[in-house]
Amino acid sequence: METSPILELRGITKSYDGTAVLRGIDLSVREGDFVTLLGASGCGKTTILRIIAGLTAPDGGQVLLQGRDVVNEPPEKRDVNTVFQSYALFPHMTVWQNVAYALRIRGVDKREIETRVRDALAMVQMDGSGKKTPAQLSGGQRQRVAIARSLINHPKVLLLDEPLGALDLQLRRQMQYELKKLQQQLGTTFVYVTHDQEEAINMSDRIVVLRGGRIEQQGAPNDVYDRPRTSYCAQFVGSANVLRGAAVERCGDAVLLRSDCGTMLAQPDELPLRTGELLTLAVRGENIAISREPSEVCISGVVEANSFTGGMLRIPVRLCDGSEIVITRQGIHFDFAVGETVYLRWDAGAAVLVDREAGA
Amino acid sequence: MRKEKWWLCVVPLYAFTLVFVLGPALYMVAVSFAQNTAGTGFRWAFTLENFARLRDPVYLRCFRESFRLALAATALNLLIGYPFGYCMGRLGARGKRIVMFLIMVPFWTSSLIRLYGWIILLQAKGALNSALIRLGLIDEPLKILYSYPAVLIGMVYALLPFMILAVYTSVEKMDWTLVEAARDLGASPARAFLTVTLRLTLPGLMSGVILTFVPSMGLFFIADILGGNKIVLVGSLIQDQMTRGGNQPFAAALALVLAVMTTLLLWLYRRLTGTSELEGMFG
């Protein structure tokens, strides 16, 4: 059975000083989903969050919460809460008072506040720190308090604005895991903003890739990772290589493309293909085979360097047209020397055609 | 770090304070216990008579009057200065520069000359009265000049910039995300203001209160010029005893009591706000 969305944005537009920040955002979020708005800085992702929270008024469009348009309602009337990027903990209150704030404002009974604050602090493993002030906490602890504070009133939707951005890598990984677990336990709908594709892939049920105030692609993490629709998504989400070539022919489950550096294969899509049409394909570094001998279908290039970063070997190869593609390998063994001419190929299934609508 | 270098910096500082601040203050304390000799000066003989004289109802009324006026001036300054400083803190960079400039402009003229300006404005045939009569709001000119309201206006006018700047400094430092967080957590704009903004700008507000209250206890020339000798404040009294009255020990006693009261107020301020520094004065 199709459930109606808990949160829906329709045609949201916003500009600041004549510069369009959001150019018509349509988004629908199902109850209990972990949805991530992913994009580089300036793509409008934080503005979307602020518009949902009611902290920024859109120029046009609707914000529907459980089917009701709340676009004209102030933030205090909306059943959503926000975890701010800077945490925004009240410096003049203790941890306990911070977490209790929303309940006190609503005039909740003292004894109930007592138990609910205790539970909320326990939920984020901050029990025992109630008497401390935010200034006495570490970044990670502040993060936990901010989460407890925003969840205490059981919002329909929790908005999180790059909540892990200020934490170091190890703590970030741990918090990713904890946040996801918390979200699953509570069943609360999370709308999460980040520029970190790894974070988005690890935590989300759905990823919404934003670019220049528009939704570039949305779908399950696997979907966006394996079948990027645009070269931007391919590069941003999957760190894929993007190559261009002219369509030569289609044979079964493969399209043959020709570029200045050789020939390449790609997986055909449902759109019609014309011979000679200029196409863009995305292929990830780990799927590229490298050899000293040319094969029937391949492109050639020169090994530029090899570097071991992030537990992976990254080998940039300069193609004859001057562009660079990066091959990745697990481990640290690499048999090719810098400066050596190599031939690269991949299976048709590993390369996806992108930017198809834009080119048409 | 070498110790002797450190001392090189500190010694002149202490020397200056000793000679020009602590010395005169101690001298004043000493004089307040000395005996007045009719006519010219005083004798170094210990006496409490200068303080005993303060019990005279005339002087008690003078303290009461000063206190009342200072309180009223501070309250008015707060009512005008807080919203002003708050709005100023929320302006853009350009707006802030313009308002700051406008606040600073009066300081380019002597405060005495500006007070004479108020005489011209407030006198029976002055600009204010003619304007009000022409507007048909009053038939007879108001007798504001040389009265309590005139002194109050003068005080508020002279001290308002300090209140505004003290409030502005703390509003400037406000993290407005906190107000957004309060709204997000369910607080109405008024509730968010009371629980977050007001509480976080309290140090500025309190130092504004101190910065206006303390001087208004002693600003004798405003009362002299706009009050026309009808309102005698502690400040005027001290000045009078020092010069015309020729009773330096009594003037010193008055000044000492005023200083003690001021210090008590500063101590209260620290207790209430938990801050040890006045915002706007020391950043």
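Within the range A:249-285, restricting attention to residues that are among the charged types (D, E, K, R) and touching a helix residue (DSSP H, G or I) at 6+ places or on another chain (Cβ under 9 Å), the residue that is nearest to A:Y343 (Cα to Cα) is A:R284.
Yes or no, residue by residue, for (1) among the charged types (D, E, K, R); (2) over 28 Å from A:R68 (Cα atoms); (3) in contact with a Phe, Trp or Tyr (Cβ under 9 Å, 6 or more places away or on another chain):
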| site | (1), (2), (3) |
| --- | --- |
| A:S129 | no, yes, yes |
| A:Q136 | no, yes, no |
| A:G139 | no, yes, yes |
| A:I152 | no, no, yes |
| A:P155 | no, no, no |
| A:E162 | yes, no, yes |
| A:D168 | yes, yes, no |
| A:Y177 | no, yes, no |
| A:Q184 | no, no, yes |
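Could you identify the single residue in B:G208, B:G204, B:G228 that is modelled with pLDDT under 85 and either out of contact with any strand residue (DSSP E or B) (no Cβ under 7 Å at 6 or more places or on another chain) or within 14 Å of chain A (Cβ to nearest Cβ) (or both)? Give the derivation first.
Numbers: B:G208 fails: modelled with pLDDT under 85; B:G204 fails: modelled with pLDDT under 85.
Within the list B:G208, B:G204, B:G228, the selection yields B:G228.
Against the numbered list (1) more than 8 Å from chain B (Cβ to nearest Cβ); (2) on the phi < 0 side of the Ramachandran plot, A:G44 comes up short only at (2). Is there a residue being of a type in the set (G, A, S), under 29 Å from A:T46 (Cα atoms) and either surrounded by 20 or more Cβ atoms within 10 Å (Cβ to Cβ) or at pLDDT 90 or above (or both) anywhere in the range B:150-157? No - not one qualifying residue is present in the range B:150-157. Screening B:A150 with (1) in contact with a Gly (Cβ under 8 Å, 6 or more places away or on another chain); (2) within 14 Å of chain A (Cβ to nearest Cβ); (3) over 22 Å from B:M88 (Cα atoms); (4) not aromatic (F, W, Y) gives one miss only, at (2).
Within the range A:180-197, the presence of a residue that is aromatic (F, W, Y) and surrounded by fewer than 18 Cβ atoms within 10 Å (Cβ to Cβ) is excluded.
For the range A:63-86, a residue qualifies if it is within 10 Å of chain B (Cβ to nearest Cβ) and crowded, with 19+ Cβ neighbours inside 10 Å, and the qualifying residues are A:P75, A:E76, A:R78, A:V80, A:N81, A:T82, A:V83, A:F84.
A:L55: under 19 Å from A:R144 (Cβ atoms), facing another protein chain (nearest Cβ under 9 Å) and over 19 Å from the mean Cα position of the chain (by Cα), yes or no?
On the way: under 19 Å from A:R144 (Cβ atoms): no; facing another protein chain (nearest Cβ under 9 Å): yes; over 19 Å from the mean Cα position of the chain (by Cα): yes.
Considered against the rule, which asks whether it is under 19 Å from A:R144 (Cβ atoms), facing another protein chain (nearest Cβ under 9 Å) and over 19 Å from the mean Cα position of the chain (by Cα), A:L55 comes out as no.
Each residue in the range B:125-155 was checked for being of a type in the set (G, A, S) and within 20 Å of B:I225 (Cα to Cα), and 5 of them qualify. Scanning the range A:87-133 for residues that are closer than 19 Å to B:A192 by Cα and more than 13 Å from chain B (Cβ to nearest Cβ) yields A:T94, A:V95, A:W96. Between B:M155, B:M163, B:M217, which is more than 14 Å from chain A (Cβ to nearest Cβ), closer than 19 Å to B:C87 by Cβ and under 17 Å from the mean Cα position of the chain (by Cα)? After ruling out the rest, the residue left standing is B:M163.
Any residue in the range B:233-245 that is within 14 Å of another protein chain (Cβ to nearest Cβ) and not polar (S, T, N, Q)? No, there is no match, as no residue in the range B:233-245 is within 14 Å of another protein chain (Cβ to nearest Cβ) and not polar (S, T, N, Q). Mind checking whether some residue in the range B:193-201 is touching a residue at least 60 places away in the same chain (Cβ under 8 Å), in contact with an Asp or Glu (Cβ under 7 Å, 6 or more places away or on another chain) and within 14 Å of chain A (Cβ to nearest Cβ)? No, the range B:193-201 has no match at all.
Taking the range B:172-206 as the search range and keeping residues that are of a type in the set (V, I, T) and farther than 18 Å from B:P83 by Cβ, which one is surrounded by the fewest Cβ atoms within 10 Å (Cβ to Cβ)? Full working, then the answer.
We begin by selecting, within the range B:172-206, every residue of a type in the set (V, I, T); these are B:177, B:179, B:195-197, B:201.
So of that shortlist, the ones also farther than 18 Å from B:P83 by Cβ come out as B:177, B:195.
Numbers: B:T177: 16, B:T195: 22.
Filtering first and then ranking leaves B:T177.
Against the numbered list (1) under 26 Å from A:R23 (Cβ atoms); (2) in contact (Cβ under 8 Å) with a residue 60 or more places away in the chain, A:P268 comes up short only at (1). Filter the range B:59-103 for residues that are loosely packed, with under 15 Cβ neighbours inside 10 Å and touching a residue at least 40 places away in the same chain (Cβ under 8 Å); which is farthest from the chain's Cα centre (by Cα)? Looking at residues that are loosely packed, with under 15 Cβ neighbours inside 10 Å and touching a residue at least 40 places away in the same chain (Cβ under 8 Å), I get B:R90.
Taking the listed residues B:I120, B:I144, the one that is within 19 Å of B:I222 (Cβ to Cβ) and in contact with a Gly (Cβ under 6 Å, 6 or more places away or on another chain) is B:I120, with no other qualifying. Whether a residue is more than 10 Å from chain B (Cβ to nearest Cβ), of a type outside the set (S, T, N, Q) and not in a loop (DSSP other than H, G, I, E, B) was assessed, and A:G32 does not pass this test. Residues in the range B:168-188 that are more than 14 Å from chain A (Cβ to nearest Cβ), among the β-branched types (V, I, T) and out of contact with any Asp or Glu (no Cβ under 9 Å at 6 or more places or on another chain): B:V171 alone.
The values are calculated or read from the model by the stated rules, or taken from the named source; none is laboratory data. Worth saying up front: this structure is predicted, and the values here are computed from it rather than measured. In this analysis, Cβ positions are derived from the backbone assuming ideal geometry, glycine residues included, and neighbour counts consider all displayed protein chains.
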